[in-house]
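In what follows, a structure is listed as structure tokens, so that the remarks can point back to it.
None of the figures in this text is laboratory data; all of them are computed from the coordinates on show. Keep in mind it's a predicted model, so treat the numbers as computed, not measured. Backbone-built Cβ (ideal geometry, glycine too); neighbour counts: all protein chains shown.
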Amino acid sequence: MIWRFGLFDSTFTPLATTHWALLTVLCLPLLMGLLAALFPPKRAWPVLLASAPIVAAGLMLLFAFNDAGLLRWQWAVADIQLSLRLNGLSVLLLLTTQWIGVAAALYTPGYLRLSDPGPMARWLWPLMGTLISALSLMWLATDLLTLYVALELMGLAAVGMLLLSGKAAALKAGMRYLLLALVGSLTYLLGVALILGHWGRLDLQGLAEIIEPGPVAWFAAALVGAGLALKAALFPLHAWLSPVHENAWTPVSALHAGLVIKASLFMLVLLWSILLPDAFYAPRVIAWLGMLAIVWGGLLAWRTDSLKTLVASSTVAQLGYLMVIFPLLLGADVAPLPRALAWEGFWLQLMGHAFAKAAMFMAAGNLILATGESTLKGLAGTSRRLPLSLLVFGIASITLMGLPPSAGFTAKWLLFEAMIITQQWWAVAALLVGTLLTAAYIFRMFRYSFDESAPRQRYQPLAPGMDLIALTLALAAFALGLFAHYPLGLMHGGGV
């Protein structure tokens with residue numbers, strides 16, 4: 001399965017324009033973030049102008065990949081070989097990162113203007129830029145050291161964004177998150193040290209050629225997997241997730257739920273594909289934990305009275321869908337067809353969830369900001385005054401429930417097909433139960449918001465475009481489902 005990540009030799013030498021595009025994608029978000037810290041934008045249009053070259057560079061890399069297939073850049077610096085690569089999956093994740101990152105950045109000026117966040121708010125911009133640059137580097141990395149650098153930059157930026165509000169609850173949640181992130185990083189580093197000490201190399205392609213199943217590979221996979229599972233909030237290492245989102249600013253929650261935890265999951269699948277290419281027990285353990293995550297996260301979301309906790313608990317359940325697929329992605333004795341279907345469904349579900357969950361957090365943030373209420377009961381009657389925010393929440397929910405024509409539906413169709421072919425009926429049952437639980441807590445939220453007997457409240461008007469920005473993300477999840485043939489074709493384009 002390693003070829004699916006673009007870990008093979010390429011005979012094509014990238015054009016000079018792709019070097020500039022690569023430099024823009026990796027560095028410009030950070031530079032623009034630093035500039036915004038000096039001159040904080042009060043409106044969305046400066047953010048849009050600053051984002052335009054980053055998006056253009058991403059599209060340039062997409063067109064270059066369409067023309068040439070796998071792109072691979074190599075440099076020698078002080079006798080150290082540096083290498084990055086762009087294949088179909090990484091270009092999709094790169095564009096997803098840019099779309100959600102730009103949406104969060106466009107949303108931020110209006111949110112900060114209305115929420116009175118304090119003097120530290122200007123530092124949100126460089127932290128956001130660092131996060132986007134780190135994620136872009138992670139999708140392109142070809143060695144364990146570069147992956148670690150990207151992982152740490154991403155994690156520190158995410159913690160920093162959470163601490164900016166200065167509130168006691170946010171500081172407590174942020175410090176707990178920082179401690180757990182450091183534990184995850186340490187565990188990951190121990191696994192990397194074991195790999196380096198035993199095999200003497202860090203490049204992923206070389207490791208894939210020489211690693212053989214055995215105690216060393218299993219122990220290294222356990223260390224790396226535990227650290228990344230903690231960072232990705234995979235069940236049962238998810239307890240830190242809800243407090244973090246409960247106290248985070250809305251654009252921070254959108255970036256974290258949409259991108260940050262997905263990055264750790266990406267690294268887990270990538271590294272286990274090398275360390276455990278044909279494992280039997282480990283993927284099945286993850287799958288059974290995924291089944292528990294679907295039920296536990298769904299029940300938490302259904303029972304909570306906090307809107308943000310509902311959305312955060314939903315993430316735990318949705319990640320369970322991806323965990324259930326591990327035996328088809330990494331397990332032994334899986335036929336090529338169901339493995340290919342599982343591969344397509346896994347990444348389509350991940351990207352669809354990224355767009356939908358970012359949109360859902362923005363819609364929830366708009367509801368809380370406009371009403372001053374954070375509980376479901378406090379949102380009673382909002383359908384009269386905030387129909388667009390509820391519409392965005394509803395469209396995003398369609399993707400989470402897996403209803404047509406969303407990306408959630410197309411992804412689950414592919415996953416169901418793979419599971420039925422391999423007769424994994426327990427996994428089919430888990431996805432069906434998850435769909436019903438998702439519908440239960442979503443409709444519970446709407447039951448309160450459409451309560452016409454609730455007294456009329458005073459609402460704070462939202463800044464122009466806040467709902468529309470969230471709507472573009474929710475519609476992007478729809479588009480992924482309607483035009484799924486294009487991203488699915490890109491996933492295979494670099495490996496044929």
Original post:
Which of the lysines could a cross-linker bridge to LYS167, judged by Cα under 21 Å and excluding same-chain residues fewer than eight apart?
Top reply: LYS308
Subject >> Residues with amide H under 5 Å from that of LYS167, placed H, sequence gap 5 or more >> reply: none
Original post:
Taking every pair of alpha-carbon atoms in region 67-145, what share in percent sits in each 5 Å bin, from 0 to the bin with the longest distance?
Top reply: 3, 12, 18, 17, 14, 12, 9, 7, 5, 2, 0
Original post:
Taking 0.36 nm per residue of separation and subtracting the Cα-Cα distance, what length does fully extending GLU417 through LEU403 add?
Top reply: 3.4 nm
Subject >> Two-decimal ratio, region 280-496, of alpha-carbon radius of gyration to 2.2 N^0.38 Å >> reply: 1.08
**OP:** Taking 7 Å along the Cα-to-C-beta vector as the label spot, tell me the ALA52-VAL183 distance in nanometres, rounded to one decimal.
**Re:** 4.8
Original post:
So what is the relative contact order for the chain, in percent, with contacts set as C-alpha pairs under 8 Å and at least six apart?
Top reply: 16
**OP:** Express in nm, to one decimal, how much length is gained between ALA239 and LEU35 on full extension, taking 0.36 nm for each residue of separation and deducting their alpha carbon distance.
**Re:** 69.9 nm
Original post:
Rule-of-thumb check for region 48-113: C-alpha Rg over 2.2 N^0.38 Å?
Top reply: 1.43
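Can you give the FRET efficiency for LEU337 and VAL428, using 1/(1 + (r/R0)^6), R0 = 22 Å, r = Cβ-Cβ distance, to the nearest 0.05? Each step should come with its number before you reach the end.
Numbers: r = 17 Å, r/R0 = 0.76.
Efficiency at R0 = 22 Å is approximately 0.85.
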Original post:
In nanometres, what is the gap between the two model label sites at THR17 and TRP75, each 7 Å from Cα along Cα-to-Cβ?
Top reply: 2.1
Original post:
Of [x] 1.00; [y] 1.13; [z] 0.93, which one was derived for Cα Rg over 2.2 N^0.38 Å from the structure shown?
Top reply: [z]
Original post:
Using a simple spin-label model with points 7 Å from Cα along the Cα→Cβ vector, what separation in nm is obtained for TYR281 and ARG384?
Top reply: 6.1
Subject >> Value of [θ]222 nm, deg cm²/dmol, for the chain, DSSP H segments ≥ 4, -39500 (n - 2.57) each, nearest 500 >> reply: -24500 deg cm²/dmol
**OP:** Would you mind counting up the charge near ALA340? Only other residues with Cβ under 13 Å from its Cβ, with Lys and Arg at +1 and Asp and Glu at -1.
**Re:** 0
Original post:
Contour minus end-to-end for ARG447 and VAL216, with contour as 0.36 nm per residue of separation and end-to-end as the Cα-Cα distance?
Top reply: 77.8 nm
**OP:** For the chain, return all DSSP H helices satisfying: extent of Cα atoms along own axis at least 27 Å; mean Kyte-Doolittle hydropathy at least 1.0.
**Re:** 16-38, 45-68, 88-115, 144-163, 168-199, 281-303, 425-449
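Grab the other residues whose beta carbon is less than 14 angstrom from that of ALA257, score K and R as +1, D and E as -1, and report the net. If you can, show how the numbers build up before the last one.
Values: positive: LYS231, LYS262, LYS308, LYS357; negative: GLU246.
My count for the surroundings of ALA257 gives +3.
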